[in-house]
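The values are calculated or read from the model by the stated rules, or taken from the named source; none is laboratory data. None of these values were measured; they are calculated from a predicted model. With ideal geometry, Cβ positions are generated from the backbone for all residues, glycine too; neighbour counts draw on all protein chains shown. Areas reflect the complete protein model, heavy atoms only, side chains present, ligands, DNA and RNA absent. Shrake-Rupley method; radii C 1.70, N 1.55, O 1.52, S 1.80 Å.
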Amino acid sequence: MFSMDRREQIDRILSEQDTGPGRIVELIVGCLIVAVCGLFIWQSFPISPRTARILSILEWWITLVFLVEYLVRLWAKGFSLRYMMTPMAIIDLLACLPLFWPGSHMQFVRILRIFRVLRLLRLVQSRDFFFGRITSDHFMVLRILFTVFCLVFITGGLVYEVEHGQNPGFRTLFDGLYFAIVSLTTVGFGDLTPVSWQGRLLTMGMILAGVLLIPWQLTTRARQIVRHGTKKDITCRQCGLRGHDPDASHCKACGQVIYQEYDGG
């Protein structure tokens, strides 16, 4: 039986990325998430029954790994109901549910498989990223990239699910991803258009997301660049705050004199 210390150690490995084992776990899980998303795209193409069976087996084993990881996380948290209700725990559970309907063609199961990509957001919860701690600038860029990737995959997958049975333009999931990127960037070539009211509703949501979410994140990043560019790289000896206004003589956090020289002083 594991001691409480061992449980806490495993919880730290699974929850924090500032340790060697924790980074290895997150790297493996991240690769498996990308792999299972790739398998889902591949399965939407015309393939032979043998290839389809092999891909289904691979997806089943990867989903089994997700289930084991979820159960270990739950055990490490002491089977806490509060943890089970957190957004990331719910996403982890949703990623495992298709395991109980192997080879199913039910639409709600396919939709669950689409939302597994959200597990990638766990990788950008902190600046400790895989092989070391990254800067705040790189961390912001990564969060934007991961958010856009998840948004494209989910919206493209949902449009494909509601359109491919009645719209010859959406033959594969790749067509749905192409349509999502075109819609999110508001380019709108017009070569693919939804014909169902569900597809049109999703397209409206994608366009709004492209107009609001992506520019908002880029604007936030631009403001940070401008703000950091006007700061002096001086660290307060009292509280450790780094970065002060060009004309500051005292720390704005604790009031300590920071011995800063400025033009005209």
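Things to note:
- For beta carbons closer than 6 Å, sequence separation of 6+ or different chains, a first residue in the range 115-137 that is open to solvent by less than 60 Å² (accessible area, probe 1.4 Å) and aromatic (Phe, Trp, Tyr) and a second that is assigned to a helix (DSSP H, G or I) and at pLDDT 70 or above, the qualifying pairs are PHE130/ARG23; PHE130/LEU27.
- Single residue of VAL182, VAL226, VAL195, VAL211 found to be among the hydrophobic types (A, V, I, L, M, F, W, C) and at pLDDT below 75: VAL226
- Meets criteria (part of a helix (DSSP H, G or I), surrounded by 14 or more Cβ atoms within 10 Å (Cβ to Cβ) and over 17 Å from the mean Cα position of the chain (by Cα)) for ARG50: no
- Residue list for the range 21-33, filter: without any contact (Cβ under 8 Å) to a residue 40 or more places away in the chain and open to solvent by 50 Å² or more (accessible area, probe 1.4 Å): PRO21, ILE24, ILE28, CYS31
Residue by residue, here is whether (1) at pLDDT 90 or above; (2) within 26 Å of PRO98 (Cβ to Cβ); (3) touching a Lys or Arg at 6+ places or on another chain (Cβ under 6 Å) holds:
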site	(1), (2), (3)
LEU14	no, yes, yes
GLN17	no, no, yes
PHE40	no, yes, yes
SER44	no, yes, no
THR51	yes, yes, no
SER56	no, yes, no
ARG73	no, yes, no
PHE79	no, yes, no
